[in-house]
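Quick note: the coordinates plus some simple rules give every number you see, no bench work behind them. What you are looking at is a predicted structure, and each value in this text was computed from that prediction instead of being measured. As a convention, Cβ positions derive from the backbone with ideal geometry for all residues, glycine included, and neighbour counts pool all protein chains shown.
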Amino acid sequence: MNIFKRKKNNIFLRLLIDQANKTFETLELLEEFMKTEEKSIASQVDNKEKEGDEIRRILINEINKSFSTPFDREDIFNLSRAIDDILDYANTTIDEMNILEIKTNKYLLEMSEILKNSGRNLFQAIKTLPEYPKIATDHIIKVKGYENRLEKLYRSAVSDLFKMPKNIVDIIYVLKTREIYRHLSNACDKCDEAADLIGDILVKNY
């Protein structure tokens, strides 16, 4: 019997779907910020981060009080944590860009688009997990592909920071911008981690 058919366990899947969807919405806002540099987006992202935290708190409460879960408690907890980390990185990226007065550039635009696409596929992977495991597998493969793309882009972006003529290199600017790149790279690493966790769930339960 499909482990997700048990109504009492559906709460875990619903919460993971809600959390992943909230994170995807946040990554959409992150891309919009990179396109527009509209500072008001920061408050929207901050609200999404708080909403995501609330979903995670409810999920952890459900884990603690439930006698049985649809799959390993540790897998549920770790998947939720990875998704939460993605949202946190999106939030801190915008905060630090505003604080450090870093302007968007072609690398940040492309990184944010890759992250958005990764987040969309992560959300779809969790959404299709119970009924369509093969489709869920297709989505996690895409997530891992996006991680590879962003990692290559990250290396190119950092390399370009140090290609300015030595007499005009602004070390402070380089360090600040590299930190923003690192936030986005770390966010995509967390997408990859979440994809691996979904893959583990599929292997254990299908």
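Among the listed pairs Lys22/Lys127; Lys163/Lys190; Lys142/Lys190; Lys35/Lys127; Lys39/Lys142, give every one whose C-alpha distance is greater than 20 Å.
Exceeds cut-off: Lys163/Lys190; Lys35/Lys127; Lys39/Lys142.
Computed over the Cα atoms, what is the radius of gyration of the range 46-95 divided by 2.2 N^0.38 Å, N being its residue count?
1.27
Between the range 69-132 and the range 136-206, what is the C-alpha centre distance in whole Å?
Value for the Cα centre distance between the two parts: 11 Å.
If you put +1 on each Lys and Arg Cβ and -1 on each Asp and Glu Cβ, how big is the dipole of the chain around its Cα centre, in Debye rounded to 20?
Dipole of the chain, to the nearest 20 debye: 560 debye.
Helix by helix, which DSSP H runs in the chain go 30 Å or more along their axis at the Cα atoms and have an average Kyte-Doolittle hydropathy of -0.5 or more?
The answer, listed by residue number, is 10-36, 73-100, 106-128, 171-205.
Sort 37-49, 19-31, 179-191 by packing, meaning the average of other beta carbons within 10 Å per residue, with the highest value first.
Sorting 37-49, 19-31, 179-191 by mean packing, highest first, produces 19-31, 179-191, 37-49.
Stretched out fully, how many nm does the piece from Asp138 to Glu32 gain, at 0.36 nm a residue minus the Cα gap?
35.5 nm
With r as the distance between the Cβ atoms of Lys152 and Asn205 and R0 = 22 Å, compute the FRET efficiency 1/(1 + (r/R0)^6) and round to 0.05.
Step by step, r from the Cβ atoms, then E = 0.10.
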